[in-house]
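One structure is given below, encoded as C-alpha cells.
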Amino acid sequence: MNRKREEVLVSVVVPIYKVEQYLKKCVDSIIKQTYKNIEVILVDDGSPDNCGKICDEYAQKDKRIKVIHKENGGLSEARNFGLDKAKGEYICFIDSDDFVSCEYVEKLLIAALINHSDIAACNFKYIDEDGKISVRKEKEDKVYTSSEAIKDIFTLDQNTEIMVWNKLYKRTLFTDNHIKYPVGKIHEDNFTTYKLYDKANSVALISDKLYYYLQRENSIMATFNKKRFDVLIAVDEIKEYFKDRKEFEEEVSCNELLVYLSLINNMIKTHYDGKEQLEVVDKIKNNKNVFFKNKLIPLQKKLMVVLLLTNLNLYSKLFLLLKK
C-alpha cells in the first residue's frame with residue numbers, strides 16, 4: 001500500500017442493551033486500543049437501565065465515540081444501525097458485555113492488510129462471571145481462500161469460527177452486497193457469515209487470543225427457548241444459497257447435521273421436550289442416508305444418529321450422563 005496503515009479508519013460497532021454492569025469495561029477496552037484511528041459507534045438499543053447515560057458520558061470524553069439512541073429492536077437491528085452510520089474502511093462488532101485486548105484492532109488490521117484479505121479473524125478466550133478464563137482450542141495463523149473459509153465454518157473444525165465478533169471486515173462486503181443481519185432472529189451469525197465469506201477474496205486467521213467472550217448464565221445462548229429454532233431457518237437458507245454449487249454439497253450437509261444435533265442436545269440439556277424435538281429428529285431421519293454417506297461427518301456423529309433414531313430416551317440418558 002502506498003498510504004500509511006495509520007490512515008485506515010476502522011469502525012467499531014457496539015450494540016448495547018441491559019448491560020450496565022459490563023459496559024464500562026467493554027468501552028474502556030476499546031478506547032485503549034493501540035490503534036488510534038478508530039470511530040466507536042455505541043448503539044443504545046433502547047436500554048432501560050443507565051446504559052444510554054454511560055454512553056453519553058463516554059462521548060463527552062472521547063471525540064472518536066458516536067452514540068445512537070434508538071428504540072429496542074434487537075441485536076441484529078442494532079448492528080445494522082451501526083453499520084449504516086459507519087465510515088471506516090474496515091468494521092468490527094463487539095458485544096457490550098465482552099471486552100477486547102488492547103491490540104485487537106491493530107493486529108486484525110495488520111493481518112488484513114499484509115495478506116490483502118477482506119476479512120481477518122482472531123482466536124478468543126471465554127470468561128465466566130467469576131473471572132475464570134478458558135480457551136476452546138489453539139489456532140494457527142493461516143490465510144483461507146473464500147472457498148476454504150466457507151468449508152471451514154460448515155464442518156466440525158471451525159477454525160475461523162462462524163461468530164460475528166472475532167473478525168474485522170472490509171465494510172464494502174456489507175454495503176456492496178446488501179448484506180444485513182436478520183432482524184428479529186437469533187443465531188444471526190449463521191445467517192450472514194457464509195455470505196460474507198462468499199464475497200470475500202480471502203480470510204486471514206491469526207492465532208492471537210484478542211477477544212474475551214463473557215459466558216453469562218442468563219444470556220440468550222445459555223438458556224433454551226423457541227427462538228433457538230431460528231437456526232433451522234438459517235439451515236434452509238444455506239441449502240438454498242448453495243443448491244447449485246456442488247463443491248459445497250458435503251459441507252452444507254455436514255453443517256445441517258451438526259446444527260440438528262446441537263439443537264437436540266441443547267433441548268435435552270435444558271429438559272425441553274416440546275414437539276419441536278421430534279420435528280428435529282424427523283429432519284435427521286429424513287436425511288439419514290445423505291448424512292451416512294457424507295465423508296466429512298465423523299463416525300462419532302454417525303453413531304450418535306444411529307442411537308438417536310433407534311432410541312431417543314436412551315440417547316437422552318446417555319447424553320446427560322456424559323455431561324455430568
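The values are calculated or read from the model by the stated rules, or taken from the named source; none is laboratory data. Bear in mind the structure is a predicted one, so any value in this text is a computation, not a measurement. Counting neighbours? That spans all protein chains shown, and the Cβs are built from the backbone with ideal geometry, glycine included.
State whether one or more residues within segment 229-246 are surrounded by fewer than 19 Cβ atoms within 10 Å (Cβ to Cβ), of a type in the set (Phe, Trp, Tyr) and at negative phi.
Checked segment 229-246: at least one residue is surrounded by fewer than 19 Cβ atoms within 10 Å (Cβ to Cβ), of a type in the set (Phe, Trp, Tyr) and at negative phi.
Which one is surrounded by the most Cβ atoms within 10 Å (Cβ to Cβ), of the residues in segment 156-185 that are touching a Phe, Trp or Tyr at 6+ places or on another chain (Cβ under 8 Å) and aromatic (Phe, Trp, Tyr)?
Tyr169
When only residues in segment 250-275 that are exposed (fewer than 15 other Cβ atoms within 10 Å of the Cβ) and either under 26 Å from Lys180 (Cβ atoms) or not polar (S, T, N, Q) (or both) count, which is modelled with the highest pLDDT?
Ser262
What are the residues in segment 125-145 that are surrounded by 13 or more Cβ atoms within 10 Å (Cβ to Cβ), of a type outside the set (A, V, I, L, M) and touching a Phe, Trp or Tyr at 6+ places or on another chain (Cβ under 6 Å), if any?
Lys125, Tyr126
Kindly indicate whether Lys63 is of a type in the set (Lys, Arg), in the same structural domain as Met163 (by TED's automatic domain parsing), in a helix (DSSP H, G or I) and without any contact (Cβ under 8 Å) to a residue 24 or more places away in the chain. Please lay out each step first, then the result.
Details: of a type in the set (Lys, Arg): yes; in the same structural domain as Met163 (by TED's automatic domain parsing): yes; in a helix (DSSP H, G or I): no; without any contact (Cβ under 8 Å) to a residue 24 or more places away in the chain: yes.
Here the answer is no, as Lys63 does not meet what is asked.
If I ask for residues that are under 16 Å from Lys209 (Cβ atoms) and either at pLDDT below 95 or hydrophobic (A, V, I, L, M, F, W, C) (or both), which ones from segment 159-176 would you list? Before you say what the answer is, go through the steps one by one.
Taking segment 159-176 first, the residues under 16 Å from Lys209 (Cβ atoms) are 159-161, 163, 165-168.
If the condition is that a residue be under 16 Å from Lys209 (Cβ atoms) and either at pLDDT below 95 or hydrophobic (A, V, I, L, M, F, W, C) (or both), then Met163, Trp165, Leu168 are the ones that fit.
For the condition surrounded by 14 or more Cβ atoms within 10 Å (Cβ to Cβ) and in contact with a Gly (Cβ under 6 Å, 6 or more places away or on another chain), what is the one hit in Ser29, Ser11, Ser47? Walk me through it before giving the result.
Numbers: Ser29 fails: in contact with a Gly (Cβ under 6 Å, 6 or more places away or on another chain); Ser47 fails: in contact with a Gly (Cβ under 6 Å, 6 or more places away or on another chain).
Among Ser29, Ser11, Ser47, only Ser11 is surrounded by 14 or more Cβ atoms within 10 Å (Cβ to Cβ) and in contact with a Gly (Cβ under 6 Å, 6 or more places away or on another chain).
Considering only residues that are hydrophobic (A, V, I, L, M, F, W, C), touching a strand residue (DSSP E or B) at 6+ places or on another chain (Cβ under 8 Å) and assigned to a loop (DSSP other than H, G, I, E, B), which ones fall in segment 83-122?
Once the filter is applied, which keeps residues that are hydrophobic (A, V, I, L, M, F, W, C), touching a strand residue (DSSP E or B) at 6+ places or on another chain (Cβ under 8 Å) and assigned to a loop (DSSP other than H, G, I, E, B), segment 83-122 yields Ala86, Ile94.
Can we say Ile153 is under 16 Å from the mean Cα position of the chain (by Cα), among the aliphatic types (A, V, I, L, M), at pLDDT below 95 and crowded, with 17+ Cβ neighbours inside 10 Å? I'd like the intermediate steps shown before the answer.
Working: under 16 Å from the mean Cα position of the chain (by Cα): yes; among the aliphatic types (A, V, I, L, M): yes; at pLDDT below 95: no; crowded, with 17+ Cβ neighbours inside 10 Å: yes.
Answer is no for this residue.
Looking only at helices (runs of 4 or more DSSP H) that lie completely in segment 236-298, which have at least 3 residues being touching a residue at least 24 places away in the same chain (Cβ under 8 Å)?
Values: elements: 249-269, 275-286, 288-293.
Filter on segment 236-298 gives 249-269, 275-286.
Only residues that are among the basic types (Lys, Arg), out of contact with any Leu (no Cβ under 8 Å at 6 or more places or on another chain) and surrounded by fewer than 18 Cβ atoms within 10 Å (Cβ to Cβ): list them for segment 65-100, please. If you could, list the steps in order and put the result at the bottom.
Within segment 65-100, the first condition is being among the basic types (Lys, Arg), and the residues that meet it are 66, 70, 79, 85, 87.
When the remaining residues are screened for being out of contact with any Leu (no Cβ under 8 Å at 6 or more places or on another chain), the result is 70, 79, 85.
Result: Lys70, Lys85.
Which one is nearest to the chain's Cα centre (by Cα) among residues in segment 277-295 that are of a type in the set (A, V, I, L, M, F, W, C) and buried (at least 16 other Cβ atoms within 10 Å of the Cβ)?
To start, the set of residues in segment 277-295 that are of a type in the set (A, V, I, L, M, F, W, C) comprises 278, 280-281, 284, 290-292.
Okay, now just the ones that are also buried (at least 16 other Cβ atoms within 10 Å of the Cβ), so 280-281, 284, 291.
On the way: Val280: 23, Val281: 25, Ile284: 25, Phe291: 25 Å.
Top of the filtered list is Val280.
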